[in-house]
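Here is the structure we will look at.
The values are calculated or read from the model by the stated rules, or taken from the named source; none is laboratory data. As the structure is a computational prediction, the values presented were derived from the model and not from experiment. Cβ coordinates were reconstructed from backbone atoms using ideal geometry, including for glycine residues, and neighbour counts include every protein chain displayed. Side chains are part of the model used for accessible areas, which takes the heavy atoms of the whole protein and leaves out ligands, DNA and RNA. Shrake-Rupley method; radii C 1.70, N 1.55, O 1.52, S 1.80 Å.
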Amino acid sequence: VIDFEVSTSSVQKGETLYDTCKTLEMIGIDMLVIRHSENEYYKQLENLKIPVINGGDGSGEHPSQCLLDIMTIYENYGKFEGLDIIIAGDIKNSRVARSNKKALTRLGAKVSFVAPEIWKDETLGEFVNFDDVIDKVDICMLLRVQHERHTDNKEKSEFSKENYHKNYGLTEERYKKLKEGAIIMHPAPVNRDVEIADSLVESEKSRIFEQMKNGMFMRQAILEYIIEKNNL
């Protein structure tokens with residue numbers, strides 16, 4: 001594994017993403033795992049002769065997180081058809097929300113969203129009131145508040161940890177209303193007492209750390225699949 005540090009690379013001299021990746025290909029790198037702030041950055045890399053694994057693109061997609069979430073759900077339910085899933089949080093800036101919405105809907109689950117007005121993206125699907133659905137969902141998936149993406153002064157000024165937790169977080173009161181077989185998920189890192197009450201992170205219904213473990217297995221599987229497919 002070769003770690004690539006943007007801060008000490010030729011990117012600082014104006015080198016394009018394609019030229020950086022092509023250089024790595026020429027010196028013998030077998031595959032690239034790229035996490036980038038630009039949406040669909042991979043489209044400019046189509047001429048590479050080595051595989052590219054998308055580790056997250058801007059506010060676009062997060063395929064490996066989606067796959068480990070699917071793995072976790074399947075381990076708990078053994079199916080996707082008919083599951084009622086709510087994704088709550090910073091939807092507008094979330095790669096996870098987009099990937100999971102696409103995949104889980106195709107697998108037969110119903111996916112809806114909860115978010116403050118300022119973080120909604122109506123193109124993704126239905127937005128609902130948290131308290132109207134909390135007792136009906138099979139999976140309550142919480143998302144991190146991504147402060148690093150909030151460049152709008154209105155977003156910054158209107159945000160309050162306490163108000164967010166009360167209105168859009170999984171409080172202890174909401175937890176008590178969950179169905180007996182429901183599970184809680186979060187891609188992590190977790191802002192405790194913001195997206196989820198501190199006392200619930202390792203609660204009986206929580207699968208947050210299980211997701212982390214599954215992430216290791218799923219990403220290993222992705223690498224092994226690509227290695228075998230490309231005879232590396």
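Tally Lys and Arg at +1 and Asp and Glu at -1 over the other residues with C-beta under 9 Å from the C-beta of Ile50: what net charge comes out?
-1
Can you tell me which of Phe159, Phe209, Phe113 moves the most in a GNM of the chain? Springs connect C-alpha atoms under 10 Å apart.
Of the options given, Phe159 has the highest mean-square fluctuation.
Listed highest first by mean packing, meaning other Cβ atoms within 10 Å per residue, what order do 120-127, 190-197 come in?
190-197, 120-127
Given springs between every Cα pair under 10 Å in a Gaussian network model of the chain, which of Gly108, Gly169, Gly28 has the largest fluctuation?
Gly28
What does the highest-first list of 83-92, 198-207, 10-19 look like by mean Cβ count within 10 Å?
So the peptides 83-92, 198-207, 10-19, ranked by packing, come out 83-92, 198-207, 10-19.
Taking every pair of distinct Cα atoms and averaging 1/r, then inverting, what Kirkwood hydrodynamic radius in Å comes out for the chain?
About 19.1 Å for the chain.
Distance in nm between label sites at Ser199 and Ile118, each 7 Å beyond Cα in the beta-carbon direction?
3.0 nm
Past 29 Å, Cα to Cα, is the threshold; run Lys13/Lys92; Lys92/Lys213; Lys13/Lys213; Lys22/Lys92; Lys166/Lys205 against it and keep the listed order.
From the list (Lys13/Lys92; Lys92/Lys213; Lys13/Lys213; Lys22/Lys92; Lys166/Lys205), the Cα-Cα distance tops 29 Å for Lys13/Lys92; Lys13/Lys213; Lys22/Lys92.
In deg cm²/dmol, rounded to 500, what helix-only [θ] at 222 nm does the chain give when every DSSP H run of at least 4 residues adds -39500 (n - 2.57) and the total is split over its residues?
-10500 deg cm²/dmol
So what's the projected area for the stretch 1-71, the Cα convex hull averaged over all directions, in nm²?
5.4 nm²
Taking the chain as the reference, fit the longest principal axis to its C-alpha atoms, fit the long axis of helix 208-229 to the helix C-alpha atoms, and give the angle between the two in degrees, 0 to 90, nearest 10.
That works out to roughly 30 degrees.
At a 1.4 Å probe, what is the % contribution of carbon and sulfur to the accessible area of the chain?
Ligands and nucleic acids excluded, carbon and sulfur reach 49 percent.
Need one number: nm distance between label points at Lys49 and Val1, each 7 Å from Cα along Cα→Cβ, rounded to one decimal.
2.7 nm
Just the number, please: percent antiparallel of the DSSP beta bridges in the chain, rounded to the nearest 5.
About 5 percent, rounded to the nearest 5.
Helix 95-106 versus the longest principal axis of the chain: what angle, 0 to 90°, nearest 10, using Cα atoms?
It is inclined by approximately 80 degrees.
In straight Cα distance, which aspartates and glutamates are under 14 Å from Lys161, not counting same-chain residues fewer than 8 positions off?
The reachable aspartates and glutamates, counting only those whose Cα sits under 14 Å from Lys161, are Asp90, Asp193, Glu195, Asp198.
Quick one: helix 17-26 against the long Cα principal axis of the chain, what's the angle to the nearest 10°, folded into 0 to 90?
With rounding to tens, the tilt is 60 degrees.
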